[in-house]
Amino acid sequence: MTEQAPAAYAGPERVLSGVQPTGDLHLGNYLGALVKFARLQHEIPTFIFVADMHAITVWQEPAKLKQQVREIAAAYLATGLDPKVATIFAQSAVPEHAELAWVFNCVARLGWLDRMTQFKDKAGKHKERESIGLYTYPVLQAADILVYKATKVPVGDDQKQHLELTRDIAQKFNNDFGAPGFFPLPEALTQGPGARVMSLRDGTAKMSKSDPSDNSRINLTDDADAIAQKIRKARTDPDPLPETAEGLEGRAEARNLVAIYAALSGATEAAVLAEYAGQGFGVFKPKLADLAVSVMGPIGGEMRRLLADPAEIDRVLADGAGRARALAAPTVAEVKKLVGYWAG
Ligand code: TRP
């Protein structure tokens with residue numbers, strides 16, 4: 001007898017992603033995540049949240065956390081997320097995330113979490129001193145995604161492993177509770193231009209908010225002068241730009257600036273090289289600076305405008321939380337029944 005394949009998920013496609021409110025956003029976040037959110041919202045129902053529950057897995061100053069949430073929300077709005085199209089909210093405003101996370105803590109296995117490289121990187125040598133929340137962080141992430149039965153998750157490469165874990169949890173839940181196809185097995189969307197923006201000071205390191213050098217990144221809130229100056233100071237090599245991408249081999253900094261130019265202008269790297277082949281960075285950098293200022297300058301301006309009067313942001317987040325809960329609550333109600341909870 002052949003075994004029957006478990007029923008596949010048959011629900012609608014949904015996009016979900018989130019950003020932690022733990023530091024300034026930069027060009028890497030913009031090209032790697034925010035532009036994708038803004039594009040996807042017009043293709044598939046899109047849910048984008050601020051991960052304040054994840055933020056407190058490491059210490060956050062309570063008096064600052066709300067403002068940090070507003071800053072991420074301002075970045076979402078300033079980079080083109082439309083609150084009438086996408087659902088934008090703070091994670092802690094939707095208690096269903098935490099409720100589902102508890103059930104998933106009982107589905108996920110210790111062995112699965114022991115393999116998570118992000119925990120190992122963050123905890124370093126002294127994991128016994130980290131919060132249990134930091135360890136179980138990817139389980140909450142699975143709940144973020146599956147509470148909306150999201151199928152597509154735009155994230156950086158570093159999140160691929162958390163998405164694999166999310167699929168493992170979904171599959172085990174579906175099996176254990178006799179609910180084939182209840183949760184989808186969501187897919188990470190990691191490709192595309194700007195997927196990997198590198199530091200302006202070291203072309204082999206990712207652009208990162210934790211890099212001690214502010215010159216290594218362009219922050220979303222940098223003004224035109226700061227943007228232009230950071231590009232002027234960016235590390236490069238003395239050679240002119242090559243005619244083809246193969247010529248960038250072994251030139252990490254040059255490749256990064258070409259990739260940034262391509263992503264910001266919407267052109268391919270080949271087209272950028274076709275235009276600038278044979279030119280040195282004395283010519284290319286001012287062009288890149290102009291382009292970056294024209295794209296990033298208005299984003300910073302809009303963020304400052306929104307943050308000057310947070311009432312608008314707070315309204316967007318309140319409205320988004322209501323819509324998010326309306327979708328999350330029935331999922332959690334069904335989960336409680338499947339698990340056999342007293343309150344199910
Ligand atoms: N862990 C993600 C990051 O650091 C943030 C995040 C939390 C997230 N929950 C999520 C991303 C759910 C996508 C889906 O980038």
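A quick yes/no check of all residues on (1) of a type in the set (K, R); (2) modelled with pLDDT of 95 or more; (3) in contact with a helix residue (DSSP H, G or I) (Cβ under 8 Å, 6 or more places away or on another chain):
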residue: Q191; (1), (2), (3): no, no, no
residue: V197; (1), (2), (3): no, no, yes
residue: L200; (1), (2), (3): no, yes, yes
residue: S210; (1), (2), (3): no, no, no
residue: R217; (1), (2), (3): yes, yes, yes
residue: L220; (1), (2), (3): no, yes, yes
residue: I227; (1), (2), (3): no, yes, yes
residue: K233; (1), (2), (3): yes, yes, yes
Name the residue that is surrounded by the fewest Cβ atoms within 10 Å (Cβ to Cβ), counting only residues in the range 38-51 that are closer than 16 Å to R323 by Cβ and not β-branched (V, I, T). P45
Is there any pair with a first residue in the range 46-61 that is closer than 19 Å to S210 by Cα and a second that is more than 9 Å from the ligand (Cβ to nearest atom) and of a type in the set (K, R) whose Cβ atoms are under 9 Å apart and which are 6 or more apart or on different chains, and what are they? V50/R70; D52/K66; T57/K122; V58/K122
Among the candidates I132, I145, I88, single out the residue that is within 11 Å of the ligand (Cβ to nearest atom) and not hydroxyl-bearing (S, T, Y). I145
State which residue is farthest from the ligand (Cβ to nearest atom) when the search covers only the range 13-48 and only residues that are among the hydroxyl-bearing types (S, T, Y) and closer than 23 Å to M198 by Cβ. Y30
Restricting the range 148-177 to residues that are away from the ligand (no atom under 14 Å from the Cβ) and touching a residue at least 24 places away in the same chain (Cβ under 8 Å), which is surrounded by the most Cβ atoms within 10 Å (Cβ to Cβ)? F173
Considering only residues that are within 11 Å of the ligand (Cβ to nearest atom), within 20 Å of V15 (Cα to Cα) and charged (D, E, K, R), which ones fall in the range 96-129? none
Residues of the range 218-228 satisfying the condition of being without any contact (Cβ under 8 Å) to a residue 12 or more places away in the chain and either touching a Phe, Trp or Tyr at 6+ places or on another chain (Cβ under 6 Å) or not small (G, A, S) (or both): D225
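Is the range 131-146 home to any residue that is free of Cβ contacts under 8 Å to residues at least 24 places away in the same chain and over 25 Å from W59 (Cα atoms)?
Within the range 131-146, none of the residues are free of Cβ contacts under 8 Å to residues at least 24 places away in the same chain and over 25 Å from W59 (Cα atoms).
Quick check on L65: is it within 16 Å of the ligand (Cβ to nearest atom), more than 15 Å from the chain's Cα centre (by Cα) and in the same structural domain as A150 (by TED's automatic domain parsing)?
yes
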Which one of G278, G282 is free of Cβ contacts under 8 Å to residues at least 12 places away in the same chain and more than 17 Å from D24 (Cβ to Cβ)? G282
Restricted to the range 219-251 and to residues being buried (at least 17 other Cβ atoms within 10 Å of the Cβ) and of a type in the set (V, I, T), the residue nearest to the chain's Cα centre (by Cα) is T221
Just a yes or no: is a residue in the range 83-91 among the polar types (S, T, N, Q), assigned by TED's automatic domain parsing to the domain that holds V332, surrounded by 19 or more Cβ atoms within 10 Å (Cβ to Cβ) and under 21 Å from the mean Cα position of the chain (by Cα)? yes
When you go through (1) in contact (Cβ under 8 Å) with a residue 40 or more places away in the chain; (2) outside the structural domain of F183 (by TED's automatic domain parsing) one by one for V335, which number turns out not to apply? (2)
Out of (1) under 15 Å from the mean Cα position of the chain (by Cα); (2) within 23 Å of M296 (Cβ to Cβ); (3) surrounded by 17 or more Cβ atoms within 10 Å (Cβ to Cβ); (4) of a type outside the set (S, T, Y), the odd one out for H54 is which? (2)
For the range 127-170, name all the residues that are among the basic types (K, R) and in a helix (DSSP H, G or I). K127, R129, K160, R167
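The values are calculated or read from the model by the stated rules, or taken from the named source; none is laboratory data. As the structure is a computational prediction, the values presented were derived from the model and not from experiment. Virtual Cβ from ideal backbone geometry, glycine too; neighbours counted across all protein chains shown.
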